[in-house]
Amino acid sequence: MKVGITLPTFEPTAAAALATARAAEGAGIDGVFVFDHLWRGARRSRPALSMYPVLAAVATGTRRIRLGSLVARVGFLPDRLIAESFFSLQELCGHRLVAALGIGDAKSVSENEAYGIVWPAVADRRASLASILGELTARGIECWVGATAPATLEVARAAGATVNLWDVDLDRLEAEVARGPATWAGPFPAEARPAADQLMGLRAAGATWAIWGWPGSIDLVTETLCLAGLQDRRD
């Protein structure tokens, strides 16, 4: 199982995110991921860095580490712009790119409304998701779909994409792994020993990746990896 982290992008500048990406690469962490949001959680306030420019900067500032979205939201930008943005990122980092996409949910509506962006119907968003996945996979880009709704999961599986599950329990993860490749993302404990136990549980459940929602410290992640026996996993 590979282990990644989300970068600190709810910041006024990109300095912390870029420094963290370089530190993560130096520490042997497998990947770094960036949220696609206009603000953090329910707080309708900035700062929040734009995902695609941050990923482009990480791509040019690193050499080994995987990098990706978590997740690019269909219905937030035009489909063509989403696809072309990932094609440009692929030019910068090649096989290191992970294009994780999702169709958003009720929590996403306020971000669209705040900036006058039309919120498409769920059926239209799923159709767009299928179309974009087809384009990206045809170009050899690794695709994930962040979802729990059965209809969206069906779109992911039909496209051959890996499923990404946010903060689900191990039983739910195991059930999805039985259907095909699945990754997990979410918060971890703030101490290394319980965090290592969580990692080992995710590995036993069959997750191919575990993405740690911003841990606050690279040292905490490396200590946790050592305790979980997951150090020295390089591509």
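Just so you know, all these numbers are worked out from the coordinates, no wet-lab data involved. As the structure is a prediction and not an experimental result, all values here were calculated from the model. All Cβ positions, even for glycine, are placed from backbone atoms using ideal geometry, and neighbour counts span all protein chains on display.
Mean residue ellipticity at 222 nm, helices only, the chain: -14000 deg cm²/dmol; runs of at least 4 DSSP H residues each add -39,500 (n - 2.57), and the sum is divided by the number of residues. With the convex hull constructed from alpha-carbon coordinates only, segment 2-228 shows a mean projected area of 11.4 nm² over all directions.
For segment 2-228, the relative contact order works out to 18 percent when only alpha carbon pairs closer than 8 Å and six or more residues apart are counted.
How much net charge surrounds ALA158 when only the other residues with a Cβ under 13 Å from the Cβ of ALA158 are counted, with Lys and Arg +1 and Asp and Glu -1? Net charge around ALA158: +2. Annotation for segment 46-147: chymotrypsin sites (Phe, Trp or Tyr not before Pro) lying in DSSP loop with at most 10 further Cβ atoms inside 10 Å of their Cβ are TYR115.
If you take all other residues with their beta carbon under 13 Å from the beta carbon of LEU170, and give Lys and Arg +1 and Asp and Glu -1, the sum is -4.
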